[in-house]
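**Student:** Submitted below is the structure of interest, expressed as C-alpha cells.
The values are calculated or read from the model by the stated rules, or taken from the named source; none is laboratory data. This is a predicted model, so every value here is computed, not measured. Neighbour counts are summed over all protein chains in view; Cβ atoms, including those assigned to glycine, are modelled from backbone coordinates with ideal geometry. Remember, those area values only see protein heavy atoms, side chains included, never the ligands or the DNA or RNA. Shrake-Rupley method; radii C 1.70, N 1.55, O 1.52, S 1.80 Å.
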Amino acid sequence: MNAPQEQAISASALVHAKGLTVRYGAKRAVDDVSFTIPKGRVVGLLGHNGAGKTTLMKALVGLANAEGELRVLGKHPKRDRVALLQSACYIPDVAILPRWARVDDLITLMSGLHPSFSAERAKGLLKRTSVGLRDRVKVLSKGMVVQAHLALVAAIDARLMILDEPTLGLDVLSRKSFYEMLIDEWCDGERSVLISTHQVEEIETLLSDVLMLNEGKLVLSISLEDMDRRFVALSHDASVADEMAAAHPLLRYRGGAGRDSRTSVFDGTPPDNVLSLGQRVRPSLVDLFVALTRKPELDRQHF
Amino acid sequence: MQTWDDRQPIYQQLAALLAEQLIDGDPPEGDAMPSVRALAGQYLLNPLTVSRALQALGEDGLLENRRGMGLYVKPGARDRLKQAERRRFLEAEWPRLRERLRRLGIGSEQLNWEAR
C-alpha cells in the first residue's frame, strides 16, 4: 500500500491508535498497541481477564491516560471527550439501569441527556422485545434489562459503540436477542462496534475483525477473512502426530474430523509433505485464541 | 441458531446452504435474493460474510446484479445447480456408495425404489 492510500484510510478510520500505552504505576496495562477500526466493522476484543481489554476501551473514550497516538472519530479522546461522546457510546455494563425507574422515564431522561438520542427509535426497538414502556426496571429479568439498555443505546445515532462484556451473565436466549440486535441495528455499513467478550465461539460469526490482547500486548489484529487465509488448521490421524509436531504448529489438540484424530494449527501454509498428511479444516477463533495466549482455561482438551 | 462446522470457511457453508434452497426454488428464478442485511439477521452472520457468499454464488453464474435493484436469481440457475449436484453425486458419492453396496452384497433388486 502506498503512503497516500494509507493516510486516506487512517483519516476515514473511526479509531486510529499507534503505539498506545496505558500505565498503572510500573505496570503497562496496555503496551504499545497499534490498530485502526474503519467504518462498518464489528470488532471483537479478546483476551483473558486482566489482559487490558477494559483499560483499552476506557482509553478510547478518554477515561484512561494513554501515551502514544490516538484518534477516535478524528478526535482526541481526553481533550475532546464531550464532543466525542456525541457520536461514540461506551457501555461498561449493559445489565445496569436504575432499578426504581420506569422504561419510559429512561427514554425521557435520555432525550434530555443526549442530543442524538431518538425517543421514537427507542420505542420502536422496544416493541420488538418483551419489555413494556410502563415496566419498572426492578421487575425486569436480567435479560430484559439488557434488551432495554441496548434499545436505549441503539437509539443514539452514534458512529462507534464500545461494549465491554455485554453478554456476561446472560442466558442463551438473551444472548441471542443481543446478537440479533447487534446485526440488525448496528451493521449498516457505517457504524462500527468494538465488543469484548469471553463468548468467543458464539460471537465469531458476527465479527468482521478481531483484536487479541495478551498481557497488554496486541498479539493479533486481523480481519476474519484474512484469518481464514493466513492460518491453516489440519485435521490428522494420531499416527502422524510426530511429523506434524516437527513442522512447528502454533497449537495441537485432540479432536477433529475422525474418531482418533488430532488437529494442528499453523501460522502460514506448512510444506506440502505436511499438508498431505491431514485434511484442511477451518481454524476457529477459539483455537487461535488458545494458541496465541497460551492459557488452557478454554474448553478444548489439550496435549 | 444455525450451526456451522469447522470444515469450510463460513461463507462457503452459507453459499452451499443458499444453493440448496435455490434448487428447491427458494427464491424462484427471476426473483430477487433476500438482502445482505436480511440474511445477516436471519443467520446471525456478519454482513461481510454474507456478501462473500452471495459473491461466490454470483461467480458461479447463479445470481445476477440488476443495477440499483440488487441481486436476482438468474434464469437457468436451478438447472445449473442440479447439473453440478448430479455430477458431484456421480463422481464422488456414487463410487463410494457402489463400493459399500458391493461389500454388503446388496443388489439393485433389493433396494426399495418406491418408498418416500
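**Student:** Which whole-Hz couplings ³J(HN,Hα) result when phi for each residue of the stretch B:13-22 is put into the Karplus expression 6.51 cos²θ - 1.76 cosθ + 1.60, θ = phi - 60°, listed in order with x for Gly and Pro?
**Tutor:** Listing the rounded values in order: 5, 5, 4, 5, 5, 5, 5, 4, 5, 5 Hz.
**Student:** Quote the relative contact order of the stretch B:42-116 in percent (integer), defining contacts as alpha-carbon pairs under 8 Å separated by 6+ residues.
**Tutor:** 13
**Student:** Just order A:222-232, A:146-156 by mean Cβ neighbour count inside 10 Å, highest at the front, would you?
**Tutor:** A:146-156, A:222-232
**Student:** Can you compute the FRET efficiency between B:D24 and A:L63 using 1/(1 + (r/R0)^6), with r the Cβ-Cβ distance and R0 = 51 Å? Round to the nearest 0.05.
**Tutor:** In this case the efficiency is close to 0.45.
**Student:** Tally the DSSP beta bridges in the protein assembly as shown and give the antiparallel ones as a percent, rounded to 5. Each step should come with its number before you reach the end.
**Tutor:** On the way: 43 of 60 bridges.
Antiparallel: roughly 70 percent of the beta bridges in the protein assembly as shown.
**Student:** Still on this structure, please answer the following. Heavy-atom accessible area of A:K39 with all protein chains present, probe 1.4 Å, nearest 10 Å²?
**Tutor:** Roll a 1.4 Å probe over it and A:K39 shows about 100 Å².
**Student:** Under a plain spin-label model, where a point goes 7 Å from the Cα along Cα-to-Cβ, how far apart in nm are B:R86 and B:R102?
**Tutor:** 2.5
**Student:** Something else about it: Given only helices, namely DSSP H runs of n ≥ 4 each adding -39500 (n - 2.57), what is the per-residue ellipticity at 222 nm of chain A, to the nearest 500 deg cm²/dmol? Present the calculation step by step, with values, prior to reporting the outcome.
**Tutor:** Numbers: 12 runs with 95 residues, N = 303.
Calculated mean residue ellipticity at 222 nm is -8500 deg cm²/dmol.
**Student:** Oh, and also: So, in Å, what gap is there between the alpha-carbon centers of the stretch B:70-116 and the stretch A:222-293?
**Tutor:** Centre-to-centre distance over Cα atoms comes out at 32 Å.
**Student:** I would also like to ask the following. Any chance you could give the angle, 0 to 90 degrees and rounded to 10, that helix A:172-181 forms with the longest Cα principal axis of chain A?
**Tutor:** 70
**Student:** Relative to the Cα centre, what is the charge dipole magnitude of chain A, using +1 at the beta carbon of each Lys and Arg, -1 at the beta carbon of each Asp and Glu, and rounding to the nearest 20 debye?
**Tutor:** Roughly 1000 debye for chain A.
**Student:** Using only Cα atoms, locate the centre of the stretch A:22-66 and the centre of the stretch A:109-176, then give the distance between them in Å, rounded to an integer.
**Tutor:** A separation of 25 Å, based on Cα centres.
**Student:** If you don't mind, there's one more thing I want to ask. Over 30 Å between Cα atoms: which of A:K75/A:K127; A:K138/A:K176; A:K75/A:K217; A:K27/A:K142; A:K176/B:K82 fall into that group? Show your work: numbers first, answer last.
**Tutor:** Values: A:K75/A:K127 35 Å; A:K138/A:K176 22 Å; A:K75/A:K217 24 Å; A:K27/A:K142 35 Å; A:K176/B:K82 35 Å.
With Cα atoms farther than 30 Å apart: A:K75/A:K127; A:K27/A:K142; A:K176/B:K82.
**Student:** Also: Okay, helix-only estimate at 222 nm for chain B: each DSSP H run of n ≥ 4 adds -39500 (n - 2.57), divide by all residues, round to 500 deg cm²/dmol; what do you get? Don't skip to the answer; put the middle values down first.
**Tutor:** Working: 5 runs with 58 residues, N = 116.
My calculation for chain B gives -15500 deg cm²/dmol from helical runs alone.
**Student:** Tell me, what is a quarter of the convex hull surface for the C-alpha atoms of chain A, in nm² with one decimal?
**Tutor:** Hull-based average projected area comes out at 18.3 nm².
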